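Here's the structure, in structure tokens; my notes come after.
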Ligand code: SF4
Ligand code: SF4
């Protein structure tokens, strides 16, 4: 079946902060600059074009939506000042609202819930810290019981845990 343009999708991307999406004139500078695209099938220009055309299902179900590392190189180089990362984040938020999330991002979010930050403290890291004369657990929210309890309240109040399936 031929994909159908969905203008509501473009308007939703605009409403969620991707208002420069209509400014793209498809020069391809973003794709040529993208370090992720050099290693994967991700093509920044194509994703922006799909957004312009309102290809909602195709965008929200694509793996490529999650391949951007948010390095901002494309945004710095775009001759039309398209806020490409804002557009990608807007579309990711829409995907997550529909229960679609890249596995790697879900795991990172789960680590965030568990540790108060996204990088887990492994046994090896603890041993290295100890050998360097540092506390095994860094002085982040993880080392503070009250801060962790407050953090948990925020996660519950915002629905973050439910969103990531915790
Ligand atoms: S660099 Fe900007 S104008 Fe060019 S294709 Fe990418 S988003 Fe569009
Ligand atoms: S911000 Fe994302 S799309 Fe832009 S160059 Fe970096 S990885 Fe590529």
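The values are calculated or read from the model by the stated rules, or taken from the named source; none is laboratory data. Nothing here was measured: the structure is a model prediction, and the numbers come from that model. Using ideal geometry, Cβ is built from the backbone for each residue, glycine included, and neighbour counts are taken over all protein chains shown.
When restricted to residues that are part of a loop (DSSP other than H, G, I, E, B), more than 6 Å from ligand 2 (Cβ to nearest atom) and buried (at least 17 other Cβ atoms within 10 Å of the Cβ), region 17-37 contains 2. Residues that are within 15 Å of ligand 1 (Cβ to nearest atom), exposed (fewer than 13 other Cβ atoms within 10 Å of the Cβ) and without any contact (Cβ under 8 Å) to a residue 60 or more places away in the chain within region 73-104 comprise 76, 79, listed in sequence order.
Residue check: residue 35 meets all listed conditions (1) under 10 Å from residue 88 (Cα atoms); (2) at pLDDT 95 or above; (3) more than 10 Å from ligand 1 (Cβ to nearest atom) but one, namely (1).
The requirement of being near ligand 1 (Cβ under 10 Å from one of its atoms) and either in a loop (DSSP other than H, G, I, E, B) or in contact (Cβ under 8 Å) with a residue 60 or more places away in the chain (or both) is fulfilled nowhere in region 46-69; no residue meets it.
Scanning for something closer than 29 Å to residue 43 by Cβ and either touching a helix residue (DSSP H, G or I) at 6+ places or on another chain (Cβ under 9 Å) or at pLDDT below 90 (or both), does region 126-139 turn up at least one residue? Break it down stepwise before answering.
Initially, region 126-139 is screened for residues closer than 29 Å to residue 43 by Cβ, giving none.
Within region 126-139, not a single residue is closer than 29 Å to residue 43 by Cβ and either touching a helix residue (DSSP H, G or I) at 6+ places or on another chain (Cβ under 9 Å) or at pLDDT below 90 (or both).
Taking the condition buried (at least 17 other Cβ atoms within 10 Å of the Cβ), within 22 Å of residue 9 (Cβ to Cβ) and over 16 Å from the mean Cα position of the chain (by Cα), does residue 59 pass? Considered against the rule, which asks whether it is buried (at least 17 other Cβ atoms within 10 Å of the Cβ), within 22 Å of residue 9 (Cβ to Cβ) and over 16 Å from the mean Cα position of the chain (by Cα), residue 59 comes out as no.
For residue 138, work out the one condition from (1) exposed (fewer than 15 other Cβ atoms within 10 Å of the Cβ); (2) more than 19 Å from residue 36 (Cβ to Cβ); (3) not assigned by TED's automatic domain parsing to the domain that holds residue 22 it doesn't fulfil. Against the list (1) exposed (fewer than 15 other Cβ atoms within 10 Å of the Cβ); (2) more than 19 Å from residue 36 (Cβ to Cβ); (3) not assigned by TED's automatic domain parsing to the domain that holds residue 22, residue 138 comes up short only on (1).
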